[in-house]
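Presented below is the structure to which this report refers.
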Number of protein chains: 4
Amino acid sequence: VTPEELARAAQAVLPADVYAYVASGAGAQTTLAANDAAWAALAFRPRALAAAGPPDTRTTLLGTAVATPIGVAPTASHALLSPEAEPGTARGAREAGSLYVLSTRSSTPLEEVAAHAGPWWFQLYALRDAGLTRELAVRAAAAGAGALVLTGDTPVLGRRERGSGTRLLPPGRGPLAVLGRDVDVRAELLEQDPHVGWDAVGRLAEASGLPVVVKGVLRADDAQQARSAGAAAVVVSNHGGRQLDGAVATARALPEVVDTVGGDLEVYVDGGLRRGTDVLRALALGARAVLVGRPVLWALATGGGDGVRELLTGLTAELALALQLAGCPDVAVVPRDLVLPS
Amino acid sequence: VTPEELARAAQAVLPADVYAYVASGAGAQTTLAANDAAWAALAFRPRALAAAGPPDTRTTLLGTAVATPIGVAPTASHALLSPEAEPGTARGAREAGSLYVLSTRSSTPLEEVAAHAGPWWFQLYALRDAGLTRELAVRAAAAGAGALVLTGDTPVLGRRERGSGTRLLPPGRGPLAVLGRDVDVRAELLEQDPHVGWDAVGRLAEASGLPVVVKGVLRADDAQQARSAGAAAVVVSNHGGRQLDGAVATARALPEVVDTVGGDLEVYVDGGLRRGTDVLRALALGARAVLVGRPVLWALATGGGDGVRELLTGLTAELALALQLAGCPDVAVVPRDLVLPS
Amino acid sequence: VTPEELARAAQAVLPADVYAYVASGAGAQTTLAANDAAWAALAFRPRALAAAGPPDTRTTLLGTAVATPIGVAPTASHALLSPEAEPGTARGAREAGSLYVLSTRSSTPLEEVAAHAGPWWFQLYALRDAGLTRELAVRAAAAGAGALVLTGDTPVLGRRERGSGTRLLPPGRGPLAVLGRDVDVRAELLEQDPHVGWDAVGRLAEASGLPVVVKGVLRADDAQQARSAGAAAVVVSNHGGRQLDGAVATARALPEVVDTVGGDLEVYVDGGLRRGTDVLRALALGARAVLVGRPVLWALATGGGDGVRELLTGLTAELALALQLAGCPDVAVVPRDLVLPS
Amino acid sequence: VTPEELARAAQAVLPADVYAYVASGAGAQTTLAANDAAWAALAFRPRALAAAGPPDTRTTLLGTAVATPIGVAPTASHALLSPEAEPGTARGAREAGSLYVLSTRSSTPLEEVAAHAGPWWFQLYALRDAGLTRELAVRAAAAGAGALVLTGDTPVLGRRERGSGTRLLPPGRGPLAVLGRDVDVRAELLEQDPHVGWDAVGRLAEASGLPVVVKGVLRADDAQQARSAGAAAVVVSNHGGRQLDGAVATARALPEVVDTVGGDLEVYVDGGLRRGTDVLRALALGARAVLVGRPVLWALATGGGDGVRELLTGLTAELALALQLAGCPDVAVVPRDLVLPS
């Protein structure tokens, strides 16, 4: 099944509004298209006669062993896609040996998701209610999350013109369903805090005892900030083209981040990665892992947790094939000169 | 409402000829398309975790306070678009806190427009009748214009192959309706004077007591000329692609003008700015403000002065959101490195 | 009438085979498309407030005064397009004050064409029959041609896959109708001579007493060869994309030729020039004149000699407008920095 | 007949599955499209007045005289295309004076093909059964092959999503029909050996007494490896876009290979060469010969061995024409500066 076929299959089973909400990007959707195009523009320079057998795709992410460098990006409200919701996604990822990054905007309480997950991390929006933010960090740690992923590109939501999701959410599946209880604080404090800065990294690490990953880094200077702030890793991300439309494609931003902090921090990337060859391009540019967003949701919509597992194992098989065809024996050491600049 | 939707709505309510007249560019419309494409080609490098609240979009233009750096470009014959005509546009701009630049080709006497306007400037074509040119400058100053905007790219009209406007103008709404009286000079003297040169800047400043802005600057050497001639500001403009087809996109010309005179003069830009993200791109390249042309006319056609207000406040809200997502707290200090070269 | 409208009008009145024969290029038609695109890719940097009145388009070509730098490129078999044939084209060019370059493949005897022509030159294919070649050169001089234009890019005909012209030619209008008499030499000797080299320039100049222009120069080294061989001028040309498909667009080749020999020889250009703004681009790159091919044939097909005149005067008016809008007072001194590199 | 017409004609006569199997590339077919586009992007700088008669296209490949530098690329299972199968292709190539490279995946025993062939080489996949690999090398030499072409880009098969061929193969035409006998080794050993490395070059040369050509080289460092390993030549190839999707277009990889080993080894190229002008581009970049894949199969499908001959003679005539139009007298010495970089 090709990425395009998977998206079409999801479109066929989902309400139009939900499909549009997930599929679309912000504004004129410039970044959405640029993400895809930037990977495709990177040409490979494969090695001949490399005498390499089937490669091993296993790696570690902040010390945690995973079967593949292809993980699940944090995305909101899986109950919109399937009654299995986040537990289904978590199970699929676990069965594929993939890292699962659970979103603050989970439609399922985090401990319930954790019960189905293999290695998982918790994506955190810093909320205006600092106590609630701290509660989430502490509970994620207690439930077994291996890291906190602090989203840095969403002081407020981007301008999304197409589709809607949240108003279709069933009762109990709202934007803070992750808490698993009714919250009686004023709604404003449940919103994301636009004033969150780099000091949040240390604060969250201290509160949770977990390493903190900063997601949404697109510049060398911000990567340095992340390192100075004590982040363990960064995710080069433009939020799948859903925040600032026009933001640089992640394939274009990745090299400067890797060149600046790659020796000290793990660098991951998301945005427009649709095939195993895209993953190989990301690894060649220095990413240690990639996160996949929309395709996971399409797989969840069409096949539940089983669909998620099949997607991730399929992508991993594609990656293994691409590695072998490129003459790369080791998923952790893909040389930069495997790709030509676009 | 997206820019494309607004244009389509206007097309639905306007005579085909009027729509084509406004929408089209000169010749093969190369510049018209290039203007749009050049903004879209500029990718953002947003800052993460910038700890910035909702930005303030207020600024000053030649010392005049405005609520937004998004102003109304001078465009002809608003009576073609709406019975509210220029007074409607002026009111909409005033209510949005935007600068309004009234065209010499206004279909309403300038004093009548001024009565409805907030901060406004007067765009001046130097006419073959020097006395009339002077009269316009003096009357604009008397009516409260804050500056004269001398158009420098229209010694004669460009080659416009599509649509027509002026022959549909109602009685009393002709090309010098701005005067508010019948003019009995020979028609030839009412035409624009192709022999107008840089000395006109000083002449008009002296006659009116107003600062003079030169519109239609696309080169560093012309920007220097403007400075030497005593201009207070320049507008990087190719007349919306309506004069010399093939003229460089304004996004491409803006940097050399900013680099040359940006320390001394205010630099504005128009052409193809359709979304708040485009405005942010212009600010990043060093523009202090932008002027919006066709969308204002579509808004006037579909919603009168209210439509103009809604367009301008909507664009300003988009700009504020884009600033915040980009991590820029200050509308007046948007760093150049926020955008990558295309 | 736009260039596209003119071509469509011609298509409507011509046999499909003739239209395709004229309109098409060789092979995959890569060069045909590249010629057009390369002009469009050159952006103008017009001057503001240039204080320039309507420009004078008059110039001289090898000392001959013409009303416009827009001449008629040599093209074959005008009898296919109109019963007026080459005399019609010659008259149209004369009435427009344009240079007419008559083709060896004229369907009318050269002296008969000369009788209707203003300033005209004769395009010469060196034939295998050297005597015949010489006869053509001598007769052209005697009939008043101002120069010989030796085509250097056609040792044999290119691979043309679309349409046909010559088999539709009426009796007496064949490939050597220019001679005005039956020729009884073996057909092979009537063919073009692939062995013709740079020494032909001097030979033809001596035989005719005329300056020799070499057409089909696309490289600096060939331009130097032309100068060394005694040529008076060169035409940067790829034969309208009808010879070697894939040959560089003329707009891309022109600068290296101008930079190398422009101080010594006049440099002209053809290929894809469809609007006055294209002509201005060519002048900015250093061409002293341009030659127009297909549009002249479409004009001849739709309007006879009158159509040719209207086309040439229309293009010249467009050029004058473009010069004025660009702030260029002088058709002979268009600065290189008027265009940005593509 | 144009390349597109030939492909359409084949599509009309072949089962859809077979057509898709041959026509398609791996994955998203990025490389398939890039191959074509990269040749088209190379613009020619032809010489004028080159005084060159019809060029001689004869050359030698590893010392063997051929009538043309255009050879037949190794492709699998010709029985799918025509009952004439590989003997038909071999005859067509022989009659055109072209090199024929027979595939290991021939659907006809190699000695039977050899009986119909002119100059031919044998493409070898190193199989897991080393004895069988050696047998093929020895038998190819005994049957008159002039060289072994070791494929270096296929440790395993690429991800091909469209069409199928092998399951439609008639009895006796399976993947090792080249052997001409039943093979009773375990199926696994018939597979290609992913562990084959550069040492295979020497081993095969020694076993067969033949020069060894390495096919699938896309990088300067691999070209150096080939030279060090004792290869006589390399083929710059991405397997027609059927192995690692995203692999660099061969036109883009060719220069670095030529620059590195072109003085010592012969360099050939395949991938996307469809017209004589494409071949000329390859020669200009330093290739000594080109190999043509899909068009040969379309010609075989539509015209059998005669069709193959006509294709190859037609392409050679196109090349000769292109050489003459470019002013290149010698097929073996086409200057690099005949093409501009893309």
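Is it the case that B:D199 is within 12 Å of chain C (Cβ to nearest Cβ), more than 20 Å from B:R139 (Cβ to Cβ) and surrounded by fewer than 18 Cβ atoms within 10 Å (Cβ to Cβ)?
yes
All but one of (1) in contact (Cβ under 8 Å) with a residue 60 or more places away in the chain; (2) open to solvent by less than 10 Å² (accessible area, probe 1.4 Å) hold for A:L136; state the number of the condition that does not hold.
Tallying (1) in contact (Cβ under 8 Å) with a residue 60 or more places away in the chain; (2) open to solvent by less than 10 Å² (accessible area, probe 1.4 Å), A:L136 fails exactly one: (1).
Could we say that B:G240 is under 14 Å from B:G25 (Cβ atoms) and open to solvent by 10 Å² or more (accessible area, probe 1.4 Å) here?
Yes, satisfied.
Looking for whichever is among the aliphatic types (A, V, I, L, M) and either surrounded by fewer than 23 Cβ atoms within 10 Å (Cβ to Cβ) or more than 14 Å from chain A (Cβ to nearest Cβ) (or both) here; the options are D:A289, D:A233. Which one fits?
After ruling out the rest, the residue left standing is D:A289.
Where residues in the stretch D:203-227 are small (G, A, S) and within 12 Å of another protein chain (Cβ to nearest Cβ), which of them is nearest to the chain's Cα centre (by Cα)?
The residue in question is D:G216.
Looking at D:G305 and the list (1) open to solvent by 10 Å² or more (accessible area, probe 1.4 Å); (2) under 24 Å from D:A76 (Cα atoms); (3) part of a helix (DSSP H, G or I), which single condition is not satisfied?
The number of the failed condition is (1).
Could you list, in sequence order, the residues of the stretch C:89-125 that are hydrophobic (A, V, I, L, M, F, W, C), assigned to a helix (DSSP H, G or I) and surrounded by fewer than 24 Cβ atoms within 10 Å (Cβ to Cβ)?
Correct list: C:A114 only.
Mind checking whether some residue in the stretch B:247-269 is on the phi > 0 side of the Ramachandran plot, open to solvent by less than 10 Å² (accessible area, probe 1.4 Å) and more than 17 Å from the chain's Cα centre (by Cα)?
Within the stretch B:247-269, none of the residues are on the phi > 0 side of the Ramachandran plot, open to solvent by less than 10 Å² (accessible area, probe 1.4 Å) and more than 17 Å from the chain's Cα centre (by Cα).
Let's see how each residue does on (1) within 29 Å of B:G158 (Cα to Cα); (2) part of a loop (DSSP other than H, G, I, E, B):
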{"site": "C:V257", "(1), (2)": "no, no"}
{"site": "C:L273", "(1), (2)": "yes, yes"}
{"site": "C:V279", "(1), (2)": "yes, no"}
{"site": "C:L283", "(1), (2)": "yes, no"}
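Could you check how many residues of the stretch D:243-255 are in contact (Cβ under 8 Å) with a residue 60 or more places away in the chain, at the interface with another protein chain (Cβ under 9 Å from one of its Cβ atoms) and in a helix (DSSP H, G or I)?
Residues meeting the conditions: 1.
Among the residues of the stretch B:144-175, write down those that are of a type in the set (A, V, I, L, M, F, W, C), open to solvent by 70 Å² or more (accessible area, probe 1.4 Å) and more than 25 Å from B:D222 (Cα to Cα).
Residue satisfying the conditions is B:L168 alone.
Scan the stretch B:311-333 for residues that are over 17 Å from the mean Cα position of the chain (by Cα), away from chain A (no Cβ under 12 Å), touching a residue at least 40 places away in the same chain (Cβ under 8 Å) and open to solvent by 20 Å² or more (accessible area, probe 1.4 Å) and report the count.
The qualifying residues number 2.
The values are calculated or read from the model by the stated rules, or taken from the named source; none is laboratory data. Given the structure is predicted, the values throughout are model-derived calculations rather than measurements. Positions of Cβ are backbone-derived with ideal geometry, glycine not excepted, and every protein chain shown enters the neighbour counts. What goes into the accessible areas is simple: the full protein's heavy atoms, side chains included, and nothing from ligands, DNA or RNA. Shrake-Rupley method; radii C 1.70, N 1.55, O 1.52, S 1.80 Å.
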